[in-house]
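Chemist: Take a look at the following structure, please.
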Amino acid sequence: MSLRSILFSLSASLASATNLYATHYSGTIYSLSLTHSSNGSDLAISSEIQGCGPMPSWLTLDPATRIIYCNDETGNASTNGSLNALSASTDGTLKLIASTEAAPGGGVNSVIYTGEHGAQYLAIAHYGGSALSTFTLPLTPESQPLQVFRYTFSDDNPKRRPQQDSPHPHQVFLDPTGAFVLVPDLGSDLLRVYAIDKATGKLQSHCTDLTYPTGSGPRHGLFWESADDHHSILTTNNRNTRRNTRRNTRRNRNQAQQQGAATLYTANELDGHLKVFDVSYVSDGCLSFRQLQALVPYPTTNDSLPTGATLAEIRKSGNGLYVSVRSDHGFAPYDSIATLTRHANATVEFERVSSAYGTVPRTFVINKAGDLVAIGDQASSNVAIVARDPDTGVLGEKIAELQVGEPGAVGTAEGLSSIIWDE
């Protein structure tokens with residue numbers, strides 16, 4: 001065989017690689033490498049690091065700086081956890097660059113938001129700590145919270161579920177304009193709403209929260225905007241970075257409302273319902289919510305999930321909406337991912353369930369191309385890579401799988417805790 005033939009054969013067999021990152025409640029952060037070749041796909045651990053306290057729970061990647069912020073779920077309402085920053089090289093190698101133990105305990109989710117002149121901040125939901133905190137970025141060992149909102153119950157409602165022993169913020173996410181931080185509070189049956197002061201990065205609590213019926217347990221949520229909405233969102237965001245007066249904020253909200261309101265979808269852990277809300281930007285500089293729909297995203301005849309099953313993560317891609325269902329054993333012994341189709345009026349229709357290829361799918365993420373889904377199964381502590389048809393939204397077969405750390409017991413803070421794409 002000629003040298004040219006050998007080189008051609010070698011180049012044809014070389015695999016393309018994509019990085020992912022996963023956390024495990026044992027204290028380890030893993031770099032994973034997904035490779036594709038003519039022989040198929042393979043998922044492997046490329047490196048690992050102890051750099052996010054005893055209980056790493058969530059990773060938030062800033063693609064521009066290639067810094068990953070890792071929440072540590074250690075602690076509670078009276079004791080702190082930690083917040084950590086790691087640099088990610090292009091080959092997936094992680095290095096701890098900053099850590100602070102000034103974060104409230106129980107951190108489970110975070111989001112980056114922006115202020116004036118490109119200033120960046122991090123908002124963190126603290127489930128066990130019954131709190132919301134914010135930090136100015138970049139993180140340093142001396143970093144202290146910019147703000148901490150601590151929550152308590154104002155009443156003793158006997159209708160609350162056992163999991164609602166105290167307020168439990170479970171996620172933080174932004175509205176489409178980047179002007180509001182929203183916090184699903186599973187313990188309080190609230191979606192807490194904060195307006196961002198772009199000049200200071202501080203959150204303002206003057207907006208009315210969205211209240212759910214007792215026992216709902218809102219866990220995660222996301223916004224959906226149409227193409228027309230996207231144009232208004234970009235316009236609004238650009239203007240917000242240049243101005244910060246209340247007058248201009250209200251004007252931007254009104255423009256967004258005129259050009260198309262967004263739709264909010266939330267997954268309730270405790271009552272098993274997916275809820276759909278029409279969202280308007282109103283003249284007082286806040287958000288207004290109008291419920292459009294409530295349904296159980298599952299093939300059910302009695303409007304409830306199987307006994308013991310709960311909703312967890314919610315994601316969107318293309319015209320599809322996806323929700324993970326934990327402990328339903330829909331593909332025994334595995335659990336399920338539910339697929340829903342979104343209609344023009346923003347309501348959704350249940351389509352099908354597919355296998356999560358593991359137990360307790362705490363989180364899953366869809367890549368930017370929309371052709372792959374990485375499912376993080378907590379109890380079985382495995383990552384499954386599943387094919388997705390970008391045109392139909394149908395989830396297909398598992399193309400790669402990897403055991404990541406030791407499995408955990410169902411219902412405990414053990415096993416795999418998060419998974420993200422390096423995109």
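Chemist: Can residue 190 be described as open to solvent by less than 10 Å² (accessible area, probe 1.4 Å) and either among the hydrophobic types (A, V, I, L, M, F, W, C) or in contact with a helix residue (DSSP H, G or I) (Cβ under 8 Å, 6 or more places away or on another chain) (or both)?
Modeler: It is false that residue 190 is open to solvent by less than 10 Å² (accessible area, probe 1.4 Å) and either among the hydrophobic types (A, V, I, L, M, F, W, C) or in contact with a helix residue (DSSP H, G or I) (Cβ under 8 Å, 6 or more places away or on another chain) (or both).
Chemist: Tally the residues that are aliphatic (A, V, I, L, M), open to solvent by 10 Å² or more (accessible area, probe 1.4 Å) and assigned to a strand (DSSP E or B), restricting the search to the stretch 89-125.
Modeler: Adding up the residues that qualify gives 5.
Chemist: Does residue 291 count as surrounded by fewer than 21 Cβ atoms within 10 Å (Cβ to Cβ), modelled with pLDDT under 95 and not acidic (Asp, Glu)?
Modeler: no
Chemist: Residue check: is residue 221 of a type in the set (Gly, Ala, Ser) and not in a strand (DSSP E or B)?
Modeler: no
Chemist: Looking at this structure, is residue 370 farther than 25 Å from residue 268 by Cβ and without any contact (Cβ under 8 Å) to a residue 60 or more places away in the chain?
Modeler: yes
Chemist: Tally the residues that are acidic (Asp, Glu), in contact (Cβ under 8 Å) with a residue 12 or more places away in the chain and farther than 11 Å from residue 125 by Cβ, restricting the search to the stretch 148-206.
Modeler: 4
The values are calculated or read from the model by the stated rules, or taken from the named source; none is laboratory data. Small disclaimer: the values here were computed from a predicted structure and weren't measured. Note that each Cβ is placed from the backbone with ideal geometry, even for glycine, and that neighbours are counted across all protein chains shown. To get the accessible areas, we keep the full protein, side chains included, count just its heavy atoms, and leave off ligands, DNA and RNA. Shrake-Rupley method; radii C 1.70, N 1.55, O 1.52, S 1.80 Å.
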